[in-house]
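Worksheet for the structure shown next.
The values are calculated or read from the model by the stated rules, or taken from the named source; none is laboratory data. Note that the structure is a prediction, hence the values are computed from the model and not measured. No Cβ is skipped: glycine too gets one built from the backbone with ideal geometry, and neighbour counts run over all protein chains shown.
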Amino acid sequence: GFQPGRNTTQALVSVVDRISRAFEQGEVTIGVMLDFQKTFDTIQHKIILQ
């Protein structure tokens, strides 16, 4: 998600670093990427207001 003062490159470097450290330590790493493009436009607004 959006974090003030950080950009996409910094976020990607952080993820790659964490994956690399986990791999070196023999840990299992799972990545889940979700893209909720236009989510607000496709939901029922009445549900949000409840």
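Points to keep in mind about this one:
- Residues that are in a loop (DSSP other than H, G, I, E, B) and not β-branched (Val, Ile, Thr), drawn from the range 20-43: GLN25, GLY26, GLU27, GLY31, MET33, LEU34, ASP35, PHE36, GLN37, LYS38
- Conditions (1) at pLDDT 80 or above; (2) acidic (Asp, Glu); (3) in a loop (DSSP other than H, G, I, E, B); number of the one not met by ASP17: (3)
- Pair list, Cβ < 8 Å and 6+ apart or interchain, from the range 3-19 residues that are under 13 Å from GLY31 (Cα atoms) to residues that are among the small types (Gly, Ala, Ser): VAL15/GLY31; ILE19/GLY31
- ASP35 being of a type in the set (Asp, Glu), surrounded by 10 or more Cβ atoms within 10 Å (Cβ to Cβ) and out of contact with any Pro (no Cβ under 6 Å at 6 or more places or on another chain): no
- All of (1) surrounded by 10 or more Cβ atoms within 10 Å (Cβ to Cβ); (2) part of a loop (DSSP other than H, G, I, E, B) hold for LEU12 with one exception: (2).
- Flag if LEU49 is among the aliphatic types (A, V, I, L, M) and within 12 Å of the chain's Cα centre (by Cα): no
- Listed conditions (1) assigned to a helix (DSSP H, G or I); (2) surrounded by 10 or more Cβ atoms within 10 Å (Cβ to Cβ); (3) among the charged types (D, E, K, R) are all met by LYS46, apart from (2).
- Verdict on GLY5 being small (Gly, Ala, Ser), at positive phi and modelled with pLDDT of 90 or more: no
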